[in-house]
Amino acid sequence: MTTPRTRRRTLAAVAVLSLALTACGTRLDHDTIVRAAAGSGQAGAGGDGSLPGADGAGEGAAGDDAAGGSGAPGEAGAGGDQPGQGGDSGGPGEKGSGGNGGSGRGGPPIVIGSVGTLSGPGGVAFAQGPRALQAWAAATNAAGGIKGRQVRVIVMDDGADAAKGRSQVQELVEKHKVVAIVAAMTTTHTLAAWKGYVEKKKVPVVGGDCSTTLWSESPMLFSQCPHTNSQMDGLANVGAKYGKGTKLGGLFCTESDACTHAENRMFGSGKAAKRFGLEPSYRAKISLTQPDYTAECIQARNAGVQLMLVTGDPNTVARVASSCRRQNFNPQFLQPSATVAADTAGKPGLSNVLATMAVFPFTGLGTPAFGEFSSAWKKYGGGRAPGPAAAQGWASAKVFEKAARAAGDVSRAGLVKKLYTFRGERFGGLTVPLTYVAGKGTADTRCTFYMRGAGGRWTAPAGNRTVCW
């Protein structure tokens with residue numbers, strides 16, 4: 001029988017690996033999503049972290065830790081006394097749907113939406129994505145907006161509920177008239193529920209969680225990342241080039257098809273490990289609910305494993321490392337970005353962790369593009385260190401921004417037309433080279449970024465340079 005603890009662990013895996021599983025619900029009901037007054041470029045009063053341009057985040061929806069209960073930027077509670085709550089999109093002076101009656105020096109606000117799994121256990125992995133989008137909107141509005149128009153962001157939490165996500169996307173499109181959905185940190189089964197709808201309505205979806213294969217299967221989905229198989233190939237390539245040894249071990253969760261896919265790509269028919277010069281030496285199935293992984297660590301040690309890959313949420317990775325350390329077995333962990341967090345490199349047994357990033361490293365860069373991210377995050381990020389989801393959300397925002405600034409008409413059709421002109425774009429080094437093909441969507445890119453733990457902290461040895469093959 002499924003226990004509450006098992007369901008919590010499973011939902012965490014849903015968020016991290018985009019699993020096609022049923023979630024156990026969410027703390028944030030759709031009716032409590034707050035639509036804070038925005039478009040004025042003013043920060044929230046009282047230093048409460050409210051974000052100009054952030055139209056409703058709700059508790060846990062866009063904070064750094066969805067389970068932390070600290071609330072989200074612009075939250076006003078359930079009383080419904082904020083302008084537009086429960087009805088029109090809403091800042092001062094606006095009427096009609098989607099903010100189309102608003103005012104600004106360059107015209108009405110540019111309204112964008114974001115839908116994802118942002119609360120409950122799963123929200124811990126994804127919540128920084130829309131937070132980064134809101135931080136970008138705040139910084140953009142403070143600098144005058146896009147073409148003199150303020151940006152309004154409406155964030156909705158689907159709670160990993162496919163039907164709810166489909167309803168929310170429809171509300172964003174038909175009621176709020178969003179020109180795009182940006183930083184959609186959504187799982188495979190929720191994205192599958194509304195992918196056909198945005199294709200029919202021709203609404204561009206710009207960036208989001210990078211781990212689901214659906215991002216490469218639609219002309220309306222514009223990913224900011226390489227395709228999923230290339231991400232796994234990149235992991236093998238980085239391990240072979242920069243890892244401490246070539247004997248690879250892998251622990252793959254039994255709760256998800258995503259874990260099975262990773263196993264097949266690395267050890268099975270995909271043969272990524274062998275193709276890039278690694279020696280597959282040990283693999284085993286694990287459960288995310290195991291109290292420890294002593295037996296697996298002993299077997300991996302006996303097999304001579306030097307690099308260890310764990311598919312699971314960051315807490316599972318930490319528990320595996322701790323179990324191995326107790327057996328005096330200290331392999332270097334080789335992880336994809338979805339399985340690590342801002343504090344992973346500080347955990348016991350993970351001080352020299354090696355990880356690939358689908359977008360720019362979230363710390364350790366000195367480029368102007370990263371400086372823009374870092375400045376906005378320090379001001380609007382909620383006081384916590386950014387992790388992979390924050391980088392994904394920011395990269396999504398910058399892809400949208402470039403299309404919006406270049407488009408003659410900031411409309412759905414205008415954005416799609418401009419996105420299809422992007423060829424090998426890197427957005428100041430924030431992404432791998434991105435190309436979008438008319439009628440097909442995101443072209444694959446055989447490149448990745450990587451990070452390494454050193455002294456208990458994350459570093460970016462190659463900076464914003466990509467490792468390609």
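The values are calculated or read from the model by the stated rules, or taken from the named source; none is laboratory data. Predicted, not measured: the structure shown is a model, and the values here were computed from it. Because the Cβ atoms are built from the backbone with ideal geometry, glycine has one as well, and the counts that use them run over all protein chains shown.
The table below lists the values:
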| quantity | calculated |
| --- | --- |
| Unique match (being hydroxyl-bearing (S, T, Y) and over 28 Å from the mean Cα position of the chain (by Cα)) among S323, S287, S337 | S323 |
| Qualifying position, being of a type outside the set (A, V, I, L, M, F, W, C), buried (at least 22 other Cβ atoms within 10 Å of the Cβ), in contact with a strand residue (DSSP E or B) (Cβ under 8 Å, 6 or more places away or on another chain) and assigned by TED's automatic domain parsing to the domain that holds L415, among G234, G239, G208 | G208 |
| Odd one out for F126 among (1) modelled with pLDDT of 95 or more; (2) under 20 Å from L430 (Cβ atoms); (3) buried (at least 23 other Cβ atoms within 10 Å of the Cβ) | (1) |
| Leading residue by the ranking (nearest to V205 (Cα to Cα)) among those in the stretch 420-433 that are touching a residue at least 60 places away in the same chain (Cβ under 8 Å) and out of contact with any Phe, Trp or Tyr (no Cβ under 6 Å at 6 or more places or on another chain) | T431 |
| Test: residue in the stretch 384-396 that is without any contact (Cβ under 8 Å) to a residue 24 or more places away in the chain and either over 17 Å from the mean Cα position of the chain (by Cα) or under 17 Å from A135 (Cβ atoms) (or both) | no |
| Condition met for Q306 (surrounded by fewer than 18 Cβ atoms within 10 Å (Cβ to Cβ), more than 20 Å from S211 (Cα to Cα) and either out of contact with any helix residue (DSSP H, G or I) (no Cβ under 9 Å at 6 or more places or on another chain) or modelled with pLDDT of 95 or more (or both)) | no |
| Selected residue [in contact with a strand residue (DSSP E or B) (Cβ under 6 Å, 6 or more places away or on another chain) and either under 30 Å from R283 (Cα atoms) or not aromatic (F, W, Y) (or both)] from G349, G383, G387, G393 | G393 |
| Number of positions in the stretch 434-464 that are farther than 23 Å from L214 by Cα and either free of Cβ contacts under 8 Å to residues at least 24 places away in the same chain or hydroxyl-bearing (S, T, Y) (or both) | 3 |
| Residue satisfying all of: in the stretch 140-166; within 17 Å of G106 (Cα to Cα) and among the small types (G, A, S); surrounded by the most Cβ atoms within 10 Å (Cβ to Cβ) among these | G145 |
| Test: D209 is under 26 Å from L430 (Cβ atoms) and modelled with pLDDT under 95 | yes |
| Criterion violated by A342 - all others in (1) small (G, A, S); (2) surrounded by fewer than 18 Cβ atoms within 10 Å (Cβ to Cβ); (3) modelled with pLDDT of 95 or more; (4) not in a helix (DSSP H, G or I) satisfied | (2) |
| Where S287 falls short, out of the listed (1) under 25 Å from V467 (Cα atoms); (2) surrounded by fewer than 22 Cβ atoms within 10 Å (Cβ to Cβ); (3) of a type in the set (S, T, Y) | (1) |
| Flag if K418 is over 21 Å from A127 (Cα atoms), surrounded by 17 or more Cβ atoms within 10 Å (Cβ to Cβ) and of a type outside the set (V, I, T) | yes |
| Conditions (1) at pLDDT below 95; (2) touching a Cys at 6+ places or on another chain (Cβ under 9 Å); (3) not aliphatic (A, V, I, L, M); number of the one not met by C447 | (1) |
| Of all residues making up the stretch 353-387, the number that are assigned to a helix (DSSP H, G or I) and not basic (K, R) | 11 |
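Rundown of residues vs (1) surrounded by fewer than 22 Cβ atoms within 10 Å (Cβ to Cβ); (2) over 26 Å from I110 (Cα atoms); (3) among the β-branched types (V, I, T); (4) not assigned by TED's automatic domain parsing to the domain that holds T117, yes/no style:
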position	(1), (2), (3), (4)
K378	yes, no, no, no
A385	yes, yes, no, no
A389	no, no, no, no
Q392	no, no, no, no
A397	no, no, no, no
A404	no, no, no, no
